[in-house]
Amino acid sequence: MKKLVNMLLLGMLCLPVIAQIQLEGKFDVDIPQNQIWDGRYLLYTFRGDAHIYDVETEEKWVIPDHQVSGLGYQDGYYFQKKDDLYTLRKVGEEEPVLPYRFSWVSGWFGNTVLGWEEVTGPEAGIYGVWYQMGEGILARHELKDIHQAVGFDYTQKWFMRELDWQTAQKLYSYQYQEGLIVLPNKDKETFSFYDLELKQAFPGEFIKAEPFSEGLAAVQNEDGLWGFIDRNGQVKVPFIYRRKPGQFHSGRVKVINSQNLVGYIDTKGELEIPAKFSSATDFYKGKAIAKPSGWDKPRVVLDLDGREEKLFCINCVLHTRTYKSYAAYFPSQDIMNWVDEEHLIMGIWGQASLYTKEGEKVFDRVYPLLKDLVDGKLILVEGAFLAKDLDQRFYLWDLESDRALIELSFTEF
């Protein structure tokens, strides 16, 4: 009898996970960017098409001949390409968000995007369109007007006889944040800040200029040194840094000293956290992850005063295999997971594991792919990394119930 019970228990343990929802498809282990979970929508690439599933309404959409990694997806917005032109769309809506078809999209910066539209007819020209999610069109300017605003006479350049979107892409830096755009000046060797009407916000030309964040922007002077200015162009942090600083988050910003060690200053330029880290993230909601200098020093979690809480892992690799690319100006996915979800995804030798902040491994095994931990759920691929697709299992996994909410499966042709 005891032997029979043991056999039954073993059989139960060998049963496959039964997910609440079954969808056709699979995740792409080789290109992790080909799947996204954002807390509502699950996106994945399958047989050359992009699939989007809404967990709230249980509706599904297929975007033919697109990969998720090429959609420029963010918070329900994405770009669909047809006949070499891009339209900005929102999941679940039939009509595009904007009536424009862009020849080129410069990409998202935060929740703002810039696209270039080539117009024919009476208003023929190249137009730049700044659009912000939730607010609409912030500005729309013709390329020749941008040239005029910065004082650049393109007619004098033999290689710019025509105005096209490739010219716009090559000439300008379009970083927009907190109401101001960084644009190059007429000599194309210095930068200044302009408002959305293309008026210079304040006097001042800089060798390099970064967008504003929390009211301050990092700029480089003619001596090659970096400091910070406010929205009136006044210097708030002196020009003493030879390496480009980060951007302010939670009132702190990363700076790098002459020994290539990272520390943090406040908005007055005071060194609040000593420069003793070989690498570090930006702050996010008052927390950052840093690696003290020294091969045997474990990573720590920092608060705004520099107090350290040790992480458990010395040799683990954060954001292994580039699970998702994020703008350098914003915190990495690791610190967001750590603060919002109180877990970290770490990887060793191409295998990923999920840990609690106390160092407890959530799953007994390691997986070829774990990514996008949002609202207690994450993308999970079970099976060996080099295994065939049919030997792998693809899930959206719920940590609270410790079971699959969605399983992707498919049959071979």
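Packing-based ranking of 242-252, 353-363, 73-83 yields 242-252, 73-83, 353-363, ordered from highest to lowest mean Cβ neighbour count within 10 Å. Each peptide in 51-60, 263-272, 110-119, 210-219 gets a packing score, the mean of other Cβ atoms within 10 Å over its residues, and the list from highest to lowest is 210-219, 110-119, 263-272, 51-60.
When restricted to Cα atoms, segment 32-165 yields an Rg and a Dmax of 17.3, 57 Å, respectively.
For the peptides 40-46, 64-70, 180-186, the ranking by mean Cβ contacts within 10 Å, running from highest to lowest, is 40-46, 180-186, 64-70. A Cβ-based charge dipole, computed about the Cα centre of segment 115-157 with Lys and Arg at +1 and Asp and Glu at -1, lands at about 120 debye. Subtracting the Cα-Cα distance of N260 and R307 from 0.36 nm times their residue separation leaves 14.8 nm of extension gain. For the pair E270 and D54, a Förster radius of 45 Å applied to the C-beta separation gives a FRET efficiency near 0.40, rounded to the nearest 0.05. For the cross-link pairs K26/K357; K236/K276; K186/K208; K244/K285, the ones whose C-alpha atoms lie over 19 Å apart are K26/K357; K236/K276; K244/K285. The equivalent ellipsoid of segment 23-107 has semi-axes of 20, 15, 11 Å, largest first, where each one is the square root of 5 times an eigenvalue of the Cα gyration tensor.
So if I take the centroid of the Cα atoms in segment 56-111 and the same for segment 288-308, what is the distance between those two points in Å? First find each Cα centre; the distance between them is then 39 Å.
Under the simplified labelling scheme, the I240-D75 pair shows an inter-label distance of 3.6 nm, with each label point 7 Å from Cα along Cα→Cβ.
Here, each number is a calculation from the coordinates, and none is a lab measurement. Computed from a predicted structure; not experimentally measured. All Cβ positions, glycine included, derive from the backbone under ideal geometry; neighbour counts span all protein chains shown.
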